[in-house]
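Below is one structure, written out as structure tokens; comments come after it.
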Amino acid sequence: MIDQPLYDIIYQASFHAARTVLAFLQRDSFLYWPFLVSTLAIAMLAWRFGYARGGGAEPASWREFFRRFLGRSLWWHPSARADYRFYLVNGVIFPLLVGPFLFGDNAIASLLDQSLGPFLGSAGTNAGTAGVAAILAYTVIFFVAYDFGRFVAHSLLHDVRILWEFHKVHHSAEVLTPLTSFRAHPVDLAVMAWAPAMTTGVVTWLFHRYVDGGIGVYTFLGLHAIMWVSNLIGNLRHWQVWLSYGATLNRWLISPAHHQLHHSAETRHWGCNRGFELAIWDRLYGTLYVPSNEPETFRMGLGDDTDGRWRSVGRLYFWPFWLLAKRQPVKPAAGETQ
């Protein structure tokens, strides 16, 4: 007879393995089938009407499209194969090891209410009183807060030396496919979950306290409505089809081209374009690199002597710890103190 704790672990592992394999049926996954269909459709439109029509010439052949973006050289590249293996393993490991430590916006809102409620007094609002304008405002502000939280988390992963060692896992990808989106170390994923939970938690607390205790965002098929729209093009961030929004919109919105440049190994691109949907955060932080309509040529990866060596699941998990352990303390410059 199997002990109950072992049975629970086996059950949970089997459950998450099934969800990972059947992600194309999960509405909250980038791999949900409507998002995959929209990715392919938008990519083909970008090819037909975008940069493939260089100088007004006839568009490049569809054979070239399939060779470049759906061919074996991309999808069976050793780096891409590492993505597939890591995706399957991390789909089970992450929820088992890190899942219990994650929290959402409601947990933060509840904590704020417990901490500040005694000083602020009763909220004085009733559930079910919010109108259309209030729900719309909450939907938009929640989305902005979520996007800001992700930008903050992403910047921490780049700027904090310890966290960068874990974020290297994602940037070690030498080619981009939609599965590269899931090439992220559990530590990386935890940071990316905690920061937006805190920013959206503050928004949720304010709206629950001062607008309507039962207010919620507008959803479509169970997902935040604006996030649903953004997910229609989200997979193109990690696919090598160049899609730029044009000179004006590129200063306000993050296009797939922005994020492809973020993965560049060229020094001129390092640390740029950390946002996900809104470019305003990069503009304010000084990390915005506006792409042109014509695709740039650049290598992808870390740009160091480890490129091409992050191709096993074991290394993707354990190399960050090894790299941290072998690092020598930074010596202070002359005249500085530690």
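Taking 0.36 nm per residue of separation and subtracting the Cα-Cα distance, full extension of the segment from Arg268 to Ala247 would add 5.6 nm.
Rolling a 1.4 Å probe over the heavy atoms of the protein chains gives the chain an accessible area of 52 Å² per residue. Once the Kirkwood radius over Cα pairs is known for segment 80-157, the Stokes-Einstein relation at 4 °C and 1.567 mPa s delivers a diffusion coefficient of 78 µm²/s.
Once all protein chains are placed together, Tyr210 keeps about 120 Å² accessible to a 1.4 angstrom probe.
Which of rounded, prolate or oblate describes segment 10-165 when judged by the alpha-carbon gyration tensor and an a/c cut-off of 1.5?
On the way: a/c = 2.27, a/b = 1.60, b/c = 1.43.
Since a/c reaches 1.5 and a/b is larger than b/c, the shape of segment 10-165 is classed as prolate.
If the Kirkwood radius is taken over C-alpha pairs of the chain, then at 20 °C and 1.002 mPa s the Stokes-Einstein diffusion coefficient equals 97 µm²/s.
Which order do the peptides 287-295, 166-174 come out in when sorted by mean C-beta neighbours inside 10 angstrom, highest first? Numbers along the way, then the final one.
Values: 287-295: 17.6, 166-174: 22.0.
Top to bottom by mean Cβ count within 10 Å: 166-174, 287-295.
Counting heavy atoms of the protein chains alone, Asp113 has an accessible area of about 70 Å² for a 1.4 Å probe. Leu25 contributes about 100 Å² of solvent-accessible surface, heavy atoms of the protein only, 1.4 Å probe.
Which percent of the accessible heavy-atom area of the chain goes to carbon and sulfur, probe 1.4 angstrom? It is 65 percent, rounded to a whole number. One quarter of the surface of the convex hull around the alpha-carbon atoms of segment 192-294 equals 8.2 nm², the direction-averaged projected area. Between Arg63 and Ser292, the modelled labels are 3.0 nm apart [label points 7 Å from Cα along Cα→Cβ].
Shown in residue order for segment 159-173 are the 3J(HN,Hα) couplings computed by the Karplus curve 6.51 cos²θ - 1.76 cosθ + 1.60 at θ = phi - 60°: 9, 8, 4, 5, 5, 4, 4, 7, 6, 4, 3, 5, 7, 6, 4 Hz (x for Gly and Pro). Here Ser230 and Ser14 are evaluated by their C-beta separation; at R0 = 56 Å the FRET efficiency comes out at 0.95.
Cβ-Cβ distance of Asp3 and Thr219, R₀ of 35 Å, FRET efficiency by 1/(1 + (r/R0)^6): the value works out to about 0.30. Can you compute the FRET efficiency between Lys326 and Trp76 using 1/(1 + (r/R0)^6), with r the Cβ-Cβ distance and R0 = 45 Å? Round to the nearest 0.05. Rounded to the nearest 0.05, the efficiency is 0.85.
The values are calculated or read from the model by the stated rules, or taken from the named source; none is laboratory data. Please read these numbers as outputs of a predicted model, since none were measured by experiment. Cβ atoms come from the backbone with ideal geometry, glycine included; neighbour counts cover every protein chain shown. Heads up: the accessible areas ignore ligands, DNA and RNA and are worked out on the full protein's heavy atoms, side chains in. Shrake-Rupley method; radii C 1.70, N 1.55, O 1.52, S 1.80 Å.
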